1. Return the long-range amide H neighbours of Val70 (sequence gap of 5 or more, or a different chain), with a cut-off of under 5 Å between placed amide H atoms.
2. HN-Hα J couplings of region 121-132 from phi, Karplus 6.51/-1.76/1.60, θ = phi - 60°, integer Hz, Gly and Pro as x?
3. Through the Karplus equation 6.51 cos²θ - 1.76 cosθ + 1.60, θ set to phi - 60°, convert the phi angles of region 37-42 into ³J(HN,Hα) values in whole Hz; use x for Gly and Pro.
4. Would you rank His110, His58, His25, His16 by solvent-accessible area, highest first, keeping every protein chain in place and using a 1.4 Å probe?
5. In whole Hz and in residue order, list the ³J(HN,Hα) couplings for region 164-172 that follow from phi through the Karplus curve 6.51 cos²θ - 1.76 cosθ + 1.60, θ = phi - 60°; x for Gly and Pro.
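The values are calculated or read from the model by the stated rules, or taken from the named source; none is laboratory data. Since this is a predicted model, take the numbers as computed values, not measurements. Ligands, DNA and RNA are stripped out before the accessible areas are found, and what is left, the full protein with its side chains, is counted by its heavy atoms. Shrake-Rupley method; radii C 1.70, N 1.55, O 1.52, S 1.80 Å.
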Amino acid sequence: MTAGTAIPHGTTTAKHELAALQREHGGPLFALLLRLSDGDRQRAEDLVQETLVRAWQHPEALHAADFDSVRPWLLTVARRLAIDARRARQARPPEVVDEVPENARVTADHAERAAATLDVREAVKTLTPAHRDVLVLVYFRGASVAEAARILGIPPGTVKSRAYYALRALRGVLPGYAADLR
């Protein structure tokens, strides 16, 4: 909007003036800001809007009779906003994407995990010592069947059998966790 074509404040609203500024100067502003934003369209659009807000906040610049067009003022404001935005991005660590990858492992929060641990500990206490020893070695300490057999001094088949019956007993004591005990 040029100074000569400005509509007096009494006959229009700020909304109409901003719309006119957008129509007349939005394209050149966007082109400049797209270059200054390294091709980031969203950032350039945000900076165009911020530039127009600054124009709205300074109506004296829009209606000054000292120049034929407000475009140089708008381009200067836009350029300064782009520089400030770049400096702000460089001053803080890079943004982390909020998206969770499809193959990310979903974990329960700390409180749920602590409660489940207490439930399992109490349930394991209900097992016979022979079943508990096999379960602790194989499932909690990660020993193989052969290693557990050697440590306990029993045949591997007995380790497998005790592990099976220990898990079966836990399923009965921990019905809410049955899917986790398969």
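1. Close amide H contacts, sequence-distant or interchain: Ala3.
2. Coupling constants for region 121-132: 4, 5, 5, 5, 5, 7, 6, 5, x, 5, 5, 4 Hz.
3. Karplus values, whole Hz, x for Gly and Pro: 9, 6, x, 7, 4, 5.
4. Numbers: His110 155, His58 75, His25 0, His16 115 Å².
Largest to smallest exposure gives the sequence His110, His16, His58, His25.
5. 4, 6, 5, 5, 4, 5, 5, 4, x
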